[in-house]
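As structure tokens, the structure follows; a few thoughts come after it.
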Amino acid sequence: MKKFSILLLFTFLFLGCEDFLDVNESLDNDERTTPNYMLPSVVSGMAYSHYAQGETAAYFTQYITTEFGGNAIRDRWDYRNVLRVGLWRRNYFDVAGNANKMIEFAKEEDSKNYIGVGKIMMAFSFLTTTNFFGDMPIKEAFTGIYNPTYDTQDVVYAEVETWLKEGLEALEQSNELTDREMGTTEDHLFGGDLEKWKSFANAILARLKLHTADFQSSYDEVLEYVDAAHVGWQEPLFAYPSDADSDWHRNLWGPSRPSPQWDFAEIRNLLNSSVHTDFFMNAMTLSGEHDPRLYQLTTPGENENYLSVPASQGIGALEIEDFAILYDGYWTRDDSPIVFITDEELYFIEAEAAFHNNDNERAYQAYIAGISSNFERLGIAQGLNDYLSSSAVAQSSGDLGIADIMMQKYMALYLQPETWTDMRRYKYADNVYLELQYPENVLDIYEGEWIQRIPYDPQTEYIYNPNEIERLGARDDRWILTPLWWAANSNL
Amino acid sequence: MKKLLLIAGLIIALSYQSLAQERTITGTVRDQMDEMALTGVTVRVKGTTRGTTTDIDGQYSLRASSEDVLVFSFIGMVTEEIPVGDKTVIDVDMVADVATLEQVVVTSLGIKREERTLTYNVQSISSEELISSSQENLVNALQGRVSGVQITSTSGAPGAASEIILRGATSVDGDNQPLFVIDGIPISNASTRGTTNRAADINPNDIASISILKGAAAAALYGIDAANGAVIITTKRGEEGAISVGLNTSTTVSQVGKLHDVQTAYTTGAAGLYNPRTFSHWGPEFRRSDNVHDNLNNFFQTGISTKLDANVSGGSENMTYYLAISDLNDEGIVPNTDYTRRSAMLTSTANILPNMTLTTTANVIKTGNNYGIVPESGGWMANVYRWPRWDDMQDVYHPDGSARNIWIPVSGNLADVPDNPLWVANHNVRSDNVDRTLTSANLRYDINNWLSIDYTAGRDFFMQHYKAVREWGSTGNAYEGAISEFNRESEKITSTLIFTADTKVSDDLTITALAGKNIQMDYAKNTFVEGERFRNPTLHSINNLQEVRTSQSTAKRRVVGVFGDITLDYRRFLVLGATGRNDWSSTLPLDNRSFFYPSFNFGFIPTEITEGPFTDILTFAKLRASYAQVGKDAPPHRLTQTLTQFYGLGEGWRNDPFAGNPILKPEITTEFEVGIDLRFWKGLLNFDVTYYERKSEDQIITPRVTPVTGAILQTVNSGSVENKGLEVLLSARLLESENFLWEPSINAFGNRSELSELFGDLVEFPVTYGQVSSQAIASSWLGEPLFGIVGTDYARTPEGEVIVDSEGYPIIDSEKRYIGNREPKAYLGFNNNIRYRNFELSVLVDGAFGAEVMNATSQFLLTNGSHAMLEEYRNREFVFDGVVEVEEGVYETNTQPIALDRDFFVNYYALAGTNFVEEIYYVRLRNINLIYHLPSEWIARVGMTRASVNLNLQNMHLWTNYSGGDPEVNNAGPGGGASGAGTMGVDYFQVPHRQAITLGINVNF
């Protein structure tokens, strides 16, 4: 019995070595990986983000409006009771956060190709995001600081520009022999072709410079970047498979209204209960005839009519059968591509920059090239000549006005988020955006002023970083009317 | 291995038996007062665990030697110790213990303690009380019977999860539920994805008693998992003597309880125009000729459940056994919902040496649950409430058996057709099946008459299989079918070694000391599979899915603890105690892994040292105080950010939403408790009151962080919650006579909480689940009670008057604020036990007062045009009670009338969250149980020892000022809710609680 007690006593005193407690590492997920396994989520995440930006902006830019009117955000610009604004986290968590991690892994093994691509994606994500929100943390992003300071938008622009240049530099230094391989599996945009990445980076720089060219007198720079982009240019096109077997593999604009991430309410498209606005339809109609592109962008409705209504008013007593079905157009199929910067946009950047640089000849050529490439994209090149000779198109460089350029850009960039930036740069002017009307049903408290930005994510920033929100004044219901830095400084 | 030990033990025991100079002692035990035989008196050989109990005639028989001392103990009687000497017959007349203080209470680690020496509040529930509740979820069986306890059930569906919180919640977002311990083995009470709380797997009929250790003091010895208190369950044991067989069968009939009212005047449509393709009820009034259907009430059915319990027990003086099997089939009030539970438990106790006892228990349980309740966020009843009354919901199928669509949408897309809830009940079934085995072994060795060793090892293991199928034809993205499935493997292994020394140092001083070591190993692995689109429409297998996603998560945790406890009992009037524990947890970083926490307690019993006439009135008084700390570790795997699967094109990895935190440290809860225990007139009237204060600091919480950090959530040490409360217990024995006794008892409880500190710049910590409305959400606000409601209100003047615009409409202040406290200000339970001849009646009435319920159901019904008040108010002209601002700061009374139309209700009324926060009370006639014991002379003829029939009525009436249905609500339940402030008090379309009648028969042979 004594032996037994001693044994028990021994067990009691024995505390076990520390190993016994070393079981806290995750058994299912690693902390590290190689950068090739991170790139797909970065690029796919950006495609996702691009859709969400387009879905948000398409109602503000009056491509479409809701069937019934009265939708809080889309028709009334009413963000007061919104639970989540997901675009915020799309940048920080889904795209740039992963790109940042990828760069970290790439630096460890010195894979310059992944470093460069990572910086370019991070820059593109921040640039598109700041154009929705304005001021945002960039210097203190990903540092672990839980109440980061918001940088002003000029600082964000400068930082994005730096990243792009660093990205280009890293790509220059890339060495195929020592860098980790980047092929079609990893790189869904360009299959690892770094020259194409460089032209994409230059196109982003052209877009970035265009936003501020008016007050920074940098149209020359814009045109230089356009030229650089055209060298080896291929559209940064994110293709979705036609035989997708999961919502993750479908374009979010598609009729199956995918919702791969259940937690974000705004993610599902509302095209099933949206219709075209009068503004859009006017642009696409010439003396009673519809622009041929309209048939490629939409599906005919039951009665094959193409009615439209003023933004925010709903269709009222009209029959939904008389409107076009918005699905299964070029951009709105389950397998439609997402294009970060289109061929057309690059031409219209050139046209606008050249126009303001008083190089009308170049502007006109780029203008025509923009229209042409849009017809080509939509597979109706045979109708191009008729269209170009119609009164919808300026017939010579002398006739060319800014409204011609911006309206053609508007049509060519159907549902693209960049249109909202353009409209705000031109202060929603109805002599640029011809016959653009202020939506009737927006909240009275806006007193006829246009929406300039969206509020930060109420579920995170207003709760977790309240002091910065307070400092910016972003709690005010009229915060969304405050023009962004480039819009406030624009003399356009 | 266990079997081998048992056999070896038996052999040793048998060989010892022949060596001892023992003989059989017999005798009769009676009550000195009335000379009536006492049944169930424990007779034990002192210093051993050998013993027996007296039979129905008060007789006993056991073997003892001349040197032995027999100890006779019985609840309510003074324990007698009689040396055997040369006697062979020992008759005892026991004396009533005036203060009934020799009562033994089970406390930490299964240690039985004399109630007198307790310095903190422990409340016990007997097997009889549990059974009389007629509740199959043992958590529900505690409702109304224990003070300091908040219990809310998620719904009236079979197998619905229930949440239990002791003395208010301490954690802003961690689990606030107590630890469940069965026979010394901590078990899982987890609820995953809205499935039942797993403690419900335990058959209440197998339980001998439950002790509720509410405070940190009582739980200090259980360590970190008992930081929220502990529910200590002791199962039934066999008794020495002839084989005894018990049979118990019951049948319960249940029906739906209180529902929300809905308007019945208006049909579907908008702006007063009829529309047959919408659930929106803003259409015209029904015409007299319209054929309408009461779909809401027709939806429910009568639930029937049956239960059979059988047990066999008995044994010799060296070995006793108890075998129980049970079969429960509970069919719900919602069609195609049911809960089944089959269990078998075997406990055996063997005296393998004269001073060594081995107890082994195995409990095998199999449960199955079919339910239609949406997990975590509830809301399943929404379509039942808003189903158009012009359509007969009962008409589910076409004659050819295919599902009937309520309408064909304009788009022609059948995936847009809402599903008939009765179709859903049968074709969107969620099932949850669990196979569970609880095993334990306890070895107790009395080294001598003051020192003993106790070793317990046990394992709680279950496999859970959850499967939710949405059949082909379901609405939305499940139109072509969908499956969500998970397998969970859960294991908890415990090993505890305790040395106990109990010694009378002198006549004045008794010391009880205890030292122990505990190892806890937890492992849980979940494998999730979900996907959509069946290839073959009727095959419900993941093999048949076109889109499949899988993932798994594994949680591993180990904790090692050493602890000590010393209690000094000086002349029975002064009790001083101290405990200390050090834990090492695997979930904390190496540097912070080890942490120590102490407790100190004190008891003073003046009636032990004073004599005088007043002791005839105040027989007993005790003053007690304790101070305790208890630590808490982090959830597993939270120190570093990992990568997680990416499902999009190209796959690979992406950042996990959880940021790491390599500097986590333990959370500490400190509690102070004082209490008074007074017993008057020898126990005719008893009064016990406890006050406690409790503060949790450096909370381990996982708030959302700004995604600017690159993560969505991060586990941090931050925030404090303070709770203070009062527990009162009043009981009496009235009109006592030979044939009659009335024992009323009242328990009351109130808790006040405050979130006194929060992470970073946070002023609000929203609850993750049950966020069903954007105008009012379950959320904790800094400086306010933890169970807050945060939402919008009308704009108000400094005096609180509603500001109305010039057109007569109230202005909404969309800035969200703290607008309500969901925790009741007071709970009250009133229990009556009445005995009259062969009848026993118990009546339990309980209630809660001063709670604010967030009635999201009402908001939803209102915006949908279905709210009952619309019958009276819709389209009425109305002058809103408020003021109009005529110039800055100058207000005039509003006189502008407005029409109470959809625009008003949807765009004004429904936007003020305060309109859906109601301060409520309820009083519930929770339970009436009537037992009739058949006279012994009748049953003896058929060879029975006991027989009774009972009638049990549950939830017979509800008195409440609540405008909705049953105000006792918990939208998400413990699955998501018990984390932090949870969803207690959030009403959102849950299945109402049931009313039920049970008829039972209980016989013993």
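Taking the criterion of being touching a Pro at 6+ places or on another chain (Cβ under 9 Å), within 14 Å of chain B (Cβ to nearest Cβ) and touching a residue at least 60 places away in the same chain (Cβ under 8 Å), the residues of the stretch A:437-465 that qualify are A:D457, A:Q459, A:T460, A:E461, A:Y464, A:N465. If the condition is being in contact with a helix residue (DSSP H, G or I) (Cβ under 7 Å, 6 or more places away or on another chain) and either within 14 Å of chain A (Cβ to nearest Cβ) or among the basic types (K, R) (or both), then the stretch B:667-693 contributes no residue at all. Just to check your reading of the model, which residue among B:S756, B:S696, B:S731 is away from chain A (no Cβ under 13 Å), within 27 Å of the chain's Cα centre (by Cα) and farther than 30 Å from B:K622 by Cβ? Unique residue meeting the criteria: B:S756. Applying the set (1) more than 20 Å from A:D422 (Cβ to Cβ); (2) not in a loop (DSSP other than H, G, I, E, B) to A:N374 leaves exactly one unmet item: (1). B:N907 fulfils the conditions (1) modelled with pLDDT under 90; (2) of a type in the set (S, T, N, Q); (3) buried (at least 17 other Cβ atoms within 10 Å of the Cβ) except for a single criterion, (3).
Tell me, yes or no, whether the stretch B:784-798 has at least one residue that is over 30 Å from B:N927 (Cβ atoms), of a type in the set (D, E, K, R) and within 14 Å of chain A (Cβ to nearest Cβ). Yes, because at least one residue in the stretch B:784-798 is over 30 Å from B:N927 (Cβ atoms), of a type in the set (D, E, K, R) and within 14 Å of chain A (Cβ to nearest Cβ).
Conditions tested, residue by residue: (1) among the hydrophobic types (A, V, I, L, M, F, W, C); (2) touching a Lys or Arg at 6+ places or on another chain (Cβ under 7 Å); (3) at negative phi; (4) in contact (Cβ under 8 Å) with a residue 40 or more places away in the chain.
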position: B:G783; (1), (2), (3), (4): no, no, no, no
position: B:G808; (1), (2), (3), (4): no, no, no, yes
position: B:K816; (1), (2), (3), (4): no, no, yes, yes
position: B:N821; (1), (2), (3), (4): no, no, yes, no
position: B:K825; (1), (2), (3), (4): no, no, yes, yes
position: B:Y836; (1), (2), (3), (4): no, no, yes, yes
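If you go through the stretch A:471-487 and keep only what is surrounded by 15 or more Cβ atoms within 10 Å (Cβ to Cβ), out of contact with any strand residue (DSSP E or B) (no Cβ under 8 Å at 6 or more places or on another chain) and in a loop (DSSP other than H, G, I, E, B), you end up with A:A474, A:T482, A:P483, A:L484.
Within the stretch B:396-435, can you find the residues that are closer than 21 Å to B:I483 by Cβ and in a helix (DSSP H, G or I)? Selection gives B:L414, B:A415, B:P421, B:W423, B:V424, B:A425, B:N426, B:H427. If I ask for residues that are more than 30 Å from B:F462 (Cα to Cα), away from chain A (no Cβ under 14 Å), of a type in the set (A, V, I, L, M, F, W, C) and touching a residue at least 60 places away in the same chain (Cβ under 8 Å), which ones from the stretch B:415-438 would you list? Once the filter is applied, which keeps residues that are more than 30 Å from B:F462 (Cα to Cα), away from chain A (no Cβ under 14 Å), of a type in the set (A, V, I, L, M, F, W, C) and touching a residue at least 60 places away in the same chain (Cβ under 8 Å), the stretch B:415-438 yields only B:L422. Confirm whether A:D135 is under 22 Å from B:T644 (Cβ atoms), touching a Phe, Trp or Tyr at 6+ places or on another chain (Cβ under 7 Å) and crowded, with 22+ Cβ neighbours inside 10 Å. Here the answer is no, as A:D135 does not meet what is asked.
For the stretch A:159-203, a residue qualifies if it is among the charged types (D, E, K, R) and part of a loop (DSSP other than H, G, I, E, B), and the qualifying residues are A:E176, A:D179, A:R180, A:E181, A:E186, A:D187, A:D193. Screening B:Y647 against (1) part of a loop (DSSP other than H, G, I, E, B); (2) under 29 Å from B:A169 (Cβ atoms) leaves a single unmet condition, (2). Of all the numbered requirements in (1) surrounded by 24 or more Cβ atoms within 10 Å (Cβ to Cβ); (2) part of a strand (DSSP E or B), B:G982 misses one, and that requirement is (2). Would you check which residues across the stretch B:855-905 are more than 15 Å from B:G283 (Cβ to Cβ), hydroxyl-bearing (S, T, Y) and in a loop (DSSP other than H, G, I, E, B) and list them? Passing the criteria: only B:T895. Taking the stretch B:145-252 as the region of interest, the strands (runs of 3 or more DSSP E) fully inside it that hold 1 or more residues being of a type in the set (D, E) are B:162-166.
Just a yes or no: is a residue in the stretch A:115-122 basic (K, R) and in a loop (DSSP other than H, G, I, E, B)? No, the stretch A:115-122 has no match at all. Of the residues that make up the stretch A:249-265, is at least one surrounded by fewer than 17 Cβ atoms within 10 Å (Cβ to Cβ) and part of a helix (DSSP H, G or I)? Yes, that holds for at least one residue. Pairing residues of the stretch B:640-651 that are at the interface with chain A (Cβ under 7 Å from one of its Cβ atoms) with residues that are among the basic types (K, R) and part of a loop (DSSP other than H, G, I, E, B), at Cβ distances under 8 Å and at least 6 apart in sequence or on separate chains, gives B:L643/A:R32.
If you go through the stretch B:919-946 and keep only what is surrounded by fewer than 20 Cβ atoms within 10 Å (Cβ to Cβ) and at pLDDT 90 or above, you end up with B:E919, B:Y921, B:V923, B:L925, B:I928, B:L930, B:Y932, B:H933, B:L934. Annotation: B:N582 fulfils all but one of (1) surrounded by 18 or more Cβ atoms within 10 Å (Cβ to Cβ); (2) within 11 Å of another protein chain (Cβ to nearest Cβ); the unmet one is (1).
Among residues of the stretch A:139-158 that are in contact (Cβ under 8 Å) with a residue 24 or more places away in the chain, those with a Cβ under 6 angstrom from a residue that is assigned to a helix (DSSP H, G or I), sequence gap 6+ or separate chain, pair up as A:A141/B:V708; A:F142/A:N100; A:P148/B:V708; A:Y150/A:E468; A:Q153/A:T130; A:Q153/A:W485; A:D154/A:W485; A:V156/A:T130.
Residues in the stretch A:475-492 that are within 13 Å of chain B (Cβ to nearest Cβ) and at pLDDT 95 or above: A:W479 only. The stretch B:46-116 holds strands (runs of 3 or more DSSP E) entirely within its bounds, and those carrying 2 or more residues that are among the charged types (D, E, K, R) and either touching a Cys at 6+ places or on another chain (Cβ under 6 Å) or at pLDDT 80 or above (or both) map to B:80-83. Whether a residue is part of a helix (DSSP H, G or I) and either away from chain B (no Cβ under 14 Å) or in contact (Cβ under 8 Å) with a residue 40 or more places away in the chain (or both) was assessed, and A:E468 passes this test. Each residue in the stretch A:56-99 was checked for being more than 11 Å from chain B (Cβ to nearest Cβ) and touching a helix residue (DSSP H, G or I) at 6+ places or on another chain (Cβ under 7 Å), and 11 pass. Here is the figure for the stretch B:549-578: residues that are within 11 Å of another protein chain (Cβ to nearest Cβ), among the aliphatic types (A, V, I, L, M) and out of contact with any Pro (no Cβ under 9 Å at 6 or more places or on another chain) total 3.
The values are calculated or read from the model by the stated rules, or taken from the named source; none is laboratory data. A quick note: this is a predicted structure, and the numbers were derived from the prediction, not measured. For neighbour counting, all protein chains shown are included, and Cβ atoms are generated from backbone atoms with ideal geometry for every residue, glycine included.
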